[in-house]
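To keep things clear, I will list the structure first and then write my remarks on it.
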Amino acid sequence: MADIVSASEALEPALALLEAGDVVAIPTETVYGLAGDATNGQAVARIFEAKGRPRFNPLIAHVADMAMAERIAIFDPLSRRLAEAFWPGPLTLVLPLRKEASIHPLVSAGLDTVALRMPKGFGGELIRRLGRPLAAPSANSSGRISATTARAVADDLGRRIRLVVDGGATPVGLESTIVKAEQGGLRLLRPGGIAAADIEAVAGSGLLRGASGIQAPGMLASHYAPGAAMRLDAEKVEQGEALLAFGPTRAAGWQNAVAIKNLSERGDLTEAAANLFAFMQDLDRAGAAVIAVEPVPRDGLGEAINDRLARAAAPRDKPLAAS
Ligand code: TXA
Ligand code: MG
């Protein structure tokens, strides 16, 4: 079983494992990541092994500073502006990979682009000390909900890894927003922890949406699937269902629910994002066959929340155009 070690005491043991080509689960501001040295093919392979993830899905390379980022990828002026505005933070930029970069090809799945992010907190400190980028997908087995606590990581992956660094519940609670600069403008590849409107305000133009010609392969609709079926935009709760609520007023028949979790009593989307994955897991554990979900507004972080809910509700293993 993995050791769970408080972040204040975990820097040295985490470094030792990473230096040895092993993987470590670490907190970031978005969700927990399963980290390995991005320049070490064996370490990256261990990430895939521990997650049971299809190999063709590329990973995000996490960096400590701009100098490290520029050694890996080629920044256009707009991407650099976004990095300056939002890093460290929940923004991932997809950029052309430098030919001479030391990133192992398993990280980029052989693509000529690479996804880069500069995380806040423990992850940033760990990368600075290691002096090399960390490849880190969310620390959950493939197809499961992303973990937002050390306990959730240990319950899921504890038998397959040696160390979970405990930094408490992750403040954002949703994965990073992924954008890519293309000829025609900036494309939103995955809504996430920074609202699209905030990126548009810095970019000075709207984000392109929907599938582009080149997509990262292996993006499945049901990526965030809990065991229970999800019924979205529920106006009424049926007998025997669990209820994932939002805001101060309840759907009709809420008294029927076998379990209720409210993403945010006061209707706050930031609070709802932070609670989303943990509450989906809690309701799943309550054992209901169906989780009814009250409507969640689509503005701001509501876009990413609705994206994750739609994936959780999708028929299992159906390919989707974007992640
Ligand atoms: O917040 C986050 O982003 C978390 C924390 C741990 O940093 N990480 C995370 O990683 O969500 P992961 O592997 O679960 O999701 C990364 C996404 C995948 O959908 C992958 O297909 C996409 O990034 N991606 C990676 N490289 C790409 C590339 N070169 N082009 C397009 N998409 C890419
Ligand atoms: Mg993931």
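The single residue among G168, G173, G185, G158 that is more than 9 Å from ligand 1 (Cβ to nearest atom) and at pLDDT below 95 turns out to be G185. Please indicate, with yes or no, whether at least one residue in the stretch 303-318 is within 28 Å of E200 (Cα to Cα), among the basic types (K, R) and out of contact with any Leu (no Cβ under 7 Å at 6 or more places or on another chain). There is at least one residue in the stretch 303-318 that is within 28 Å of E200 (Cα to Cα), among the basic types (K, R) and out of contact with any Leu (no Cβ under 7 Å at 6 or more places or on another chain).
The number of residues in the stretch 241-252 that are closer than 23 Å to R144 by Cβ, in contact with an Asp or Glu (Cβ under 8 Å, 6 or more places away or on another chain) and open to solvent by 10 Å² or more (accessible area, probe 1.4 Å) comes to 1.
In the set (1) within 16 Å of ligand 2 (Cβ to nearest atom); (2) assigned to a strand (DSSP E or B); (3) not polar (S, T, N, Q), the condition left unmet by G123 is number (2).
Scanning the stretch 50-71 for residues that are surrounded by fewer than 22 Cβ atoms within 10 Å (Cβ to Cβ) and farther than 21 Å from A150 by Cβ yields a total of 10. Of everything in the stretch 282-304, what is outside any loop (DSSP other than H, G, I, E, B), surrounded by fewer than 23 Cβ atoms within 10 Å (Cβ to Cβ) and not basic (K, R)? Give them in sequence order. Passing the criteria: D282, D284, V290, G302, E303. In summary, A101 fulfils each of the numbered conditions (1) closer than 28 Å to A310 by Cβ; (2) part of a loop (DSSP other than H, G, I, E, B); (3) open to solvent by 10 Å² or more (accessible area, probe 1.4 Å) with the single exception of condition (1).
For first residues located in the stretch 4-24 and among the acidic types (D, E), partners that are not in a helix (DSSP H, G or I) and lie 6+ apart or on another chain with Cβ distances below 7 Å form the pairs D22/R162. Residues that are within 17 Å of F122 (Cα to Cα) and out of contact with any Ser or Thr (no Cβ under 6 Å at 6 or more places or on another chain) number at least 3 in the following helices (runs of 4 or more DSSP H) confined to the stretch 1-76: 11-19.
Kindly indicate the residue of the stretch 131-145 that is open to solvent by 10 Å² or more (accessible area, probe 1.4 Å) and in contact with an Asp or Glu (Cβ under 7 Å, 6 or more places away or on another chain) and also farthest from ligand 2 (Cβ to nearest atom) among those meeting that condition. Applying the filter and picking the extreme gives R132. Only residues that are more than 16 Å from ligand 2 (Cβ to nearest atom) and in contact with a Gly (Cβ under 9 Å, 6 or more places away or on another chain) were counted across the stretch 107-120, and they come to 2. Within the stretch 253-269, the residues that satisfy the criterion of being crowded, with 17+ Cβ neighbours inside 10 Å and in a helix (DSSP H, G or I) are W254, L269.
Residues in the stretch 104-114 that are within 11 Å of ligand 1 (Cβ to nearest atom), in contact (Cβ under 8 Å) with a residue 12 or more places away in the chain and open to solvent by 20 Å² or more (accessible area, probe 1.4 Å): A109, L111, D112, T113.
Condition check: within 24 Å of A139 (Cβ to Cβ), of a type in the set (A, V, I, L, M) and at pLDDT 90 or above. Does L283 satisfy that? So L283 passes the test. Checking each residue in the stretch 195-211 for being open to solvent by less than 20 Å² (accessible area, probe 1.4 Å) and within 19 Å of the chain's Cα centre (by Cα) picks out A195, A196, I199.
Matching residues to (1) assigned to a loop (DSSP other than H, G, I, E, B); (2) in contact with a Phe, Trp or Tyr (Cβ under 6 Å, 6 or more places away or on another chain); (3) within 30 Å of D3 (Cβ to Cβ); (4) open to solvent by 20 Å² or more (accessible area, probe 1.4 Å):
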{"residue": "A85", "(1), (2), (3), (4)": "no, no, no, yes"}
{"residue": "L95", "(1), (2), (3), (4)": "no, no, no, no"}
{"residue": "R129", "(1), (2), (3), (4)": "no, no, yes, yes"}
{"residue": "D156", "(1), (2), (3), (4)": "no, no, yes, yes"}
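Considering only residues in the stretch 29-51 that are in contact with a Gly (Cβ under 9 Å, 6 or more places away or on another chain) and within 12 Å of ligand 2 (Cβ to nearest atom), the one that is farthest from S6 (Cα to Cα) turns out to be I47.
The values are calculated or read from the model by the stated rules, or taken from the named source; none is laboratory data. It should be emphasised that the depicted structure is a prediction, and the values quoted were computed from it without experimental measurement. Note that each Cβ is placed from the backbone with ideal geometry, even for glycine, and that neighbours are counted across all protein chains shown. All accessible areas refer to the heavy atoms of the entire protein, side chains included, with ligands and DNA or RNA removed. Shrake-Rupley method; radii C 1.70, N 1.55, O 1.52, S 1.80 Å.
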